[in-house]
1. Can you tell me which of A219, A207 is surrounded by 24 or more Cβ atoms within 10 Å (Cβ to Cβ), more than 24 Å from L118 (Cβ to Cβ) and not assigned by the TED database to the domain that holds P85?
2. How many of the residues making up the range 46-57 are more than 16 Å from M181 (Cβ to Cβ), open to solvent by less than 40 Å² (accessible area, probe 1.4 Å) and outside any loop (DSSP other than H, G, I, E, B)?
3. Which residue pairs have Cβ atoms under 9 Å apart, sit 6 or more places apart or on different chains, and have a first residue in the range 50-72 that is assigned by the TED database to the domain that holds A26 and a second that is of a type in the set (K, R) and assigned to a helix (DSSP H, G or I)?
4. Quick check on A136: is it closer than 18 Å to G235 by Cβ and either out of contact with any Leu (no Cβ under 6 Å at 6 or more places or on another chain) or part of a helix (DSSP H, G or I) (or both)?
5. Determine the pairs where a residue that is at negative phi, located within the range 236-261, has a partner that is outside any loop (DSSP other than H, G, I, E, B) and among the aromatic types (F, W, Y) with Cβ atoms under 6 Å apart, the partner being 6 or more residues away or on another chain.
6. If I ask for residues that are part of a loop (DSSP other than H, G, I, E, B) and buried (at least 19 other Cβ atoms within 10 Å of the Cβ), which ones from the range 58-110 would you list?
7. If you scan the range 224-261, which residues turn out to be more than 22 Å from L68 (Cα to Cα), at pLDDT 85 or above and not in a helix (DSSP H, G or I)?
8. If a residue has to be open to solvent by less than 20 Å² (accessible area, probe 1.4 Å) and of a type in the set (S, T, Y) to count, how many in the range 186-204 make the cut?
Amino acid sequence: MALFSALFALLAAVGNATGTVLQRVAARTVPPGDAFSVRLVRHLLRSPAWLGGVAVIVGAAACQALALTLGSLSLVQPLLVLELPFTLLIAGALARRRLPAAGWAASVMVAAGLGLALAAAAPGGGRATASPGLWALTLFATAGAMALCVLAALPRPRGRARAALFSSASAIGYALTATLMKSATGVFERDGAGAFLTAWQTYAFVAAGACALFLLANAMESGPLVASQPALTLGEGLVSLALGILVYGERVRAGWWLVPE
């Protein structure tokens, strides 16, 4: 089961990377005055590149949901960090620019580091459900952290800092989306489609995902991928790992294993 979970997580990483590149292509055409407004959404809805990116991300979300059904949040979400090197490769291919040696070296190091960290951590275990109080704490903490990132980003001019802050808010939103999605898919697996459609987590993960997507669009509009993408992929992986431990009681190895992790 863990093998298939990892496979679907890799497919999700490729899909997310492709969608991010397409969204970046669309966001570069947005007028500066339309940032963080309804006009931004209207502009993007007329862009084939942005719509194509959303379609690919929806497919990636389906792969992610399957991965979360088969494996733990602590295994699936860190694997999505591979979205970072995939994004560099796909962006270079789309722009017909060869990735420099440093880019290849960094991509290999990310993949090797991720493999070492997961092998050392051996994530697993956990429970299928969480208490209402724990969900309330999770929602309050993640929404507060997202709001702080947005408030810090809004006064800044377009550039790397603004892009990184919006992207960090988006990363927290996507981590929350995955946490809620795992609960909703668990309901589907245990109780069927009817229970899935009436579970609050189903509508909460859709809302959280839409909010994260809007924040990501602002990150793409605000600055280059080199600023937004690391904050997105690394932030999502780290926050998801923390939420997996907090919400579902998942376990990673501690002690001297923290050194290679």
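1. Numbers: A207 fails: surrounded by 24 or more Cβ atoms within 10 Å (Cβ to Cβ).
Going through A219, A207 in turn, just one is surrounded by 24 or more Cβ atoms within 10 Å (Cβ to Cβ), more than 24 Å from L118 (Cβ to Cβ) and not assigned by the TED database to the domain that holds P85: A219.
2. Looking only at the range 46-57, we keep the residues that are more than 16 Å from M181 (Cβ to Cβ), and these are 46-56.
Now restrict to residues that are open to solvent by less than 40 Å² (accessible area, probe 1.4 Å): 47, 49-50, 52-54.
Add one more test, that the residue is outside any loop (DSSP other than H, G, I, E, B), and what stays is 49-50, 52-54.
Of the residues in that region, 5 qualify.
3. Taking only residues 6 or more apart or on different chains, the pairs are G53/R24; A65/K182; L68/K182; T69/K182; S72/K182.
4. On the way: closer than 18 Å to G235 by Cβ: no; either out of contact with any Leu (no Cβ under 6 Å at 6 or more places or on another chain) or part of a helix (DSSP H, G or I) (or both): yes.
No; evaluated as a whole, the condition is false for this residue.
5. What qualifies is E236/Y174.
6. Of the range 58-110, the ones part of a loop (DSSP other than H, G, I, E, B) are 71-72, 95-100.
Across the range 58-110, the qualifying residues are G71, S72.
7. Matches in the range 224-261: V259, P260.
8. 1
The values are calculated or read from the model by the stated rules, or taken from the named source; none is laboratory data. None of the values given here were measured: they were computed from a predicted structure. Counting neighbours? That spans all protein chains shown, and the Cβs are built from the backbone with ideal geometry, glycine included. Accessible surface areas use protein heavy atoms only, side chains included; no ligands, DNA or RNA. Shrake-Rupley method; radii C 1.70, N 1.55, O 1.52, S 1.80 Å.
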